[in-house]
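Everything below concerns the one structure shown next.
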Amino acid sequence: MTQLLLLAFCVVGAVAESGLLRGVVTKPENAVACLTMEQCKHTRLGTNFDRVYVNSWPTKGCFSKRNNLYFGTGGSVEMMSKAKLPGIQKRIWCERAAKEPTATDSNVTVNWESTAPSDMPLRPIQSPPTSPGPATSEPSKSPTSHPSAFPTSKPTESPTTPSPTPSPSFDLQTFATTFQSNTTFAGNMFDIVARKNIAIYNMGIHTYLQRDIDLQIYTRVGSYQGAQNDISRWTHVVNTTVRGQGMGNPTMLSGAFSDPIFVRRGSRQSFYVTTNGPWLRATKGTNQDEEMYQMEDSDMSFYQGVGKRYPMNAGTYPARIWNGLLQYRVDEIGELVDWTTMLGEVTFRRGDLAVRVPDLGIKVCTGMNVKVIARANKKLELADGSFSDLRFHSMPDGAAIFPTEDAKYIYVSNSEMKNGLGGVYGVVFDNDGNVVDYKLLLSGTTRNCGGGYTPWHTWITCEEYGRGQCWQVHPNGKIPPQITKLGGNPGGNYESVAVDNRNPHQPIFYVTEDHERGALRKYTPTPAFRDASWDTLHAEGGTTEYLVFVNDNEFKWTANEGKARESQAKYFRNVEGIDYHDGMLYFVSKKLLMLYILDLDNGTYKKSSTKYGVLAGDGEFRHQPDQLVRNNAGDYLYLTEDGGGTVGCYAIHKPTGRRYAIFEAYGGSYRNDETTGLAFSLDGSKMYAAFQDCGCDNSDGGVDYNCGCLMEFSRKDGRSFDGSALGL
C-alpha cells in the first residue's frame, strides 16, 4: 500500500501553542487515532513532552500525562479513539492526510521505539548470505556450514503453502511484546495465558531481513515445557513464506490463520515459531533462573520462553523473549464459538447449598466437588505417593496463587501464629492440580494475616500486631524476603494490600489496618525507569498518604496520619480485605459490617451493608466480612466470613448485586471459626479455602500447632466459578 502520512497534534491544554490544538475533549474535525508508536512519537516534535513510554497500558493508543507521552499497545481502533480518558490523561490525535489505516490491515508499517543492537548493523541487511546469517552471542552446539533442510525434523506428509486467508471483517486487537532485540535465533517457544476467551487470528514476527523467508508455526495446549524437543507433541498450523520488513517492524503473515486458535479463559497455550536459519530477532531475559513473567493486559498474559536453533533438537537457549505480536478477538459471549459446548453440560447451581458433606461438616452447591488437601501439623501427600518434608502450617490465613513457567502454580499461604511463629509457605501444584511440593518461604514473623500480590508476581504478607510490617516474598524463594516501605515506622496491625497498576512504571499500593483507629494508607513509589519490579517496594523516595472521608459521599488523601485515624474510627473501623479493579477500590469494615467502593478518579465512594442475612437459594451471611477476592477479572467478588456458627464463602455478582453462598459450615463444627486463604487456580476452575481453626480450640490465646485445614473446591462441569450456571 502507499505510504501514509499522518500529521500529529496533541490535545492537552487551554490555548493554541506551536500549532497544537489544546483543551479539546471531543475528537477534533479531520482527526484520526494515532494507531502506531511512530505516529504517536511524531507528536513529540515541537512540544514540551519530556519522554516517550511504550507499554500495554490500560489506556490504548497515544495519550499524554503531565509532561510525558505514552503509547498503549494492544488496543482496537475503537479503544485508541476513545476521547474521554481517566484522571489527567489526555488523548493525542493525528491529523488525517491520507487513507486511514485499520487495525486489521496487515500491511500497515508499525515502528516501535527501539535501538539497533550492537551485534547488528544500523540499517537492515539487503542481501543476506546463503550460509547462516549474523552470528549470535550463543555458542553453536551443532555447527553446520549450511542450514538444515526445511521445514522440520518431522515434516508433514505433503507440506504446502496455504492460500492467503482473507482478514476478518471485524477489528482485531493487538498484543505486542517488545521489539528491542539483542539476539537472533531460528525459532522461539513461548506461553500465553488467556484472561478472557480469545480467538487468535494472526501473528507478526520480528526479523532483520528484507527478503522472503520460510516460516513455520506450531501450537499446543499447555506449556512448551516438556515438549521443547518433541515435534510430535505440537500441532502444525502455518507453513508459509513471508516478506521480511526489517529491524523494528513487525512482519505479518501473508494472511490470517486458516482457522483461529481458540484459547479459553484461564487456559495456557504455547507457540513454536521457527524459520530455517537465524533470522528471528529476540531479547535476552533478565533472570534466567527464575520463572520470569514478562507482560500482560486485560486479555492475556505473556511469558518469556526459550530460543531455538534449527531443527528443533539442535539447541535450546533459556530465558529468551519472543519479539512479535498477536492479533486476536475477545469472545466472552460466545459469538465465534460455543465455549459452553466445548466443556459439556452445565451442572453447577450457584447458591444452592443442597449437598452436605458430613465428614467435613459443610454444605456446598449442587455440582461441586470438595476435598481436603492439608491439615495442620501433618505432612502433605504428594502426587507421586510420597509425603512432603514439612508439616502443614497452623492457622492458615491470607493466600494467593502464582503461575510458573514450568506449567505449575503455587498456592502461597500465610500463618497467623504469634510470637515469631508465623510465616509464609507454598503448596506447589502441577498443571492438573496435583500437589507436588510444599515449602517454607518466610519464617520468624508474627501473625501473618492478609496480604496481596504485586504486578511482577510476588506476594506481600502483612503482620497484624502493634509493630507489624509488610514483607515482600518471592513465590519460589529465589529472592530472600524483605521488609517493604509499605508499613513504615513504627509498624502497625496491617491486614491486606491492593494495587492500582494503570501506570506500570509507578503502581500505587493500598494497605489496610485492622484496628479501630487504624489508617488506610496509599503508597506511591518512586517511578521506575522501566516497569516496576521487586526493588520498587524497597527504594527510597516514595510517598505515603492516608484515607479521609470528607462526608458521606466524598473522600480525599492526606499526609496527616492523625486525621486519617480519626476518620477511620468514625467511618470504617477495622478494615480487613481490599481489592482494586478498573479504577475502583473495594474494602470491608469487619466491625461495621460494611463494603465500601471508592471511585479513585472522581473522589467519591459508596457503601453497603454486608449483613445480608438469608441469601438467594440458601445460606446466610450475618457476621464479619474478612477477605475480599476476585476470580481473575471476573464479575463476582468473593468474601470470607469471621465468626458465628455458619462461616463460609460467598459471592456478590457486581453487575446486579445478587449474593450467593458457595459453601458454608453447619451443625456447629466451626463455631467462631473463620474462613481464610481464598484463592483461585489460573483458569478459575479450582477454588482453595481454609478453616483457620478447623476444629481446634484456640480461644485461650495459646499456641496450638494443630489448627487449620486447607480444602480444594471445583465444579463438576469443569468450568470457572465465575462461568455460566444453572438458575436457582
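Once the Cβ-Cβ distance between Asp582 and His538 is put in as r, and R0 is 30 Å, what FRET efficiency do you end up with, to the nearest 0.05? Could the numbers behind the result be given before it?
Details: r = 28 Å, r/R0 = 0.94.
FRET efficiency, Asp582 to His538: 0.60.
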- Task: Name the residues whose placed amide hydrogens come within less than 5 Å of the amide hydrogen of His505, ignoring near sequence neighbours (fewer than 5 apart) on the same chain.
- Result: Ala532
- Note on the structure: Per the 1/(1 + (r/R0)^6) rule, R0 = 41 Å and r from the Cβ atoms of Asp171 and Phe387, FRET efficiency to 0.05 is 0.15
- Given labels modelled 7 Å from the Cα in the Cβ direction, how far is it in nm from Asn434 to Glu516? 5.3 nm
- Message: If I model a spin label as a point 7 Å beyond the Cα along the Cα-Cβ vector, how far apart are those points for Leu726 and Thr241 in nm?
- Response: 5.8 nm
- Query: Hey, what do the phi angles of the stretch 264-273 turn into as Karplus ³J(HN,Hα) couplings, whole Hz, using 6.51/-1.76/1.60 and θ = phi - 60°, x for Gly and Pro?
  - Reply: 6, 3, x, 8, 9, 10, 10, 10, 10, 10
- Flagged as over-length at 21 Å C-alpha distance, from Lys485/Lys522; Lys378/Lys439; Lys363/Lys439; Lys439/Lys478; Lys196/Lys611, the pairs are Lys363/Lys439; Lys196/Lys611
- Distant-in-sequence amide H partners of Ile479 (H built 1.01 Å from N, under 5 Å): His474
- Item | Percent RCO, i.e. relative contact order, over the stretch 219-279, from Cα pairs under 8 Å lying at least 6 residues apart | 48 percent
- Query: Given 0.36 nm per residue, what is the gain on full extension from Ile479 to Lys371 after removing their alpha carbon distance, in nm?
  - Reply: 35.6 nm
- Message: Sort 347-356, 427-436, 187-196 by the packing proxy (mean of other Cβ within 10 Å over each peptide's residues), most packed first.
- Response: 187-196, 347-356, 427-436
- Query: Spin-label point model (7 Å from Cα, Cβ direction): what's the Val703 to Ser608 distance in nm?
  - Reply: 4.4 nm
- Message: Cut-off under 18 Å on the C-alpha distance; same-chain residues fewer than 8 positions from Lys607 excluded. Which lysines are left, in chain and number order?
- Response: Lys556, Lys570, Lys590, Lys591, Lys654
- Calculate, for Val357 and Ser443, the FRET efficiency according to 1/(1 + (r/R0)^6) with r their C-beta to C-beta distance and R0 30 Å; round to the nearest 0.05. 0.35
- Find how much the distance from Lys418 to Asp552 grows on full extension, using 0.36 nm per residue of separation minus their present alpha carbon separation; answer in nm with one decimal. 44.5 nm
- Would you please state which residues of the stretch 180-219 a label at Val52 would reach in this model, taking the label point 7 Å out along Cα→Cβ and a backbone N cut-off of under 17 Å? 180-181
- Message: Per-residue counts of other Cβ atoms within 10 Å, averaged by peptide: what ranking do you get for 684-696, 651-663, 438-450, highest first?
- Response: 684-696, 438-450, 651-663
- Tell me, what HN-Hα J-couplings in whole Hz come from the Karplus equation 6.51 cos²θ - 1.76 cosθ + 1.60 at θ = phi - 60° for each residue of the stretch 175-182, using x for Gly and Pro? 10, 10, 8, 9, 10, 8, 8, 8
- Query: Taking a point 7 angstrom from the Cα of Lys84 along the C-beta vector, which residues in the stretch 590-622 have backbone N less than 13 Å away?
  - Reply: 602
- Message: Residue by residue through the stretch 654-669, what is 3J(HN,Hα) from phi via Karplus (6.51 cos²θ - 1.76 cosθ + 1.60, θ = phi - 60°)? Round to whole Hz and write x for glycine and proline.
- Response: 4, x, 10, x, 5, 10, 9, 8, 9, 8, 7, 6, 8, x, x, 5
- Note on the structure: Amide H contacts under 5 Å for Leu441, restricted to residues at least 5 apart in sequence or on another chain and with H modeled in the peptide plane, are Val424, Tyr425, Gly426
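Read-outs throughout are calculated quantities, based only on the coordinates presented, and are distinct from any laboratory measurement. Since the structure is predicted, the reported quantities are computational estimates derived from the model, not experimental observations. Cβ coordinates were reconstructed from backbone atoms using ideal geometry, including for glycine residues, and neighbour counts include every protein chain displayed.
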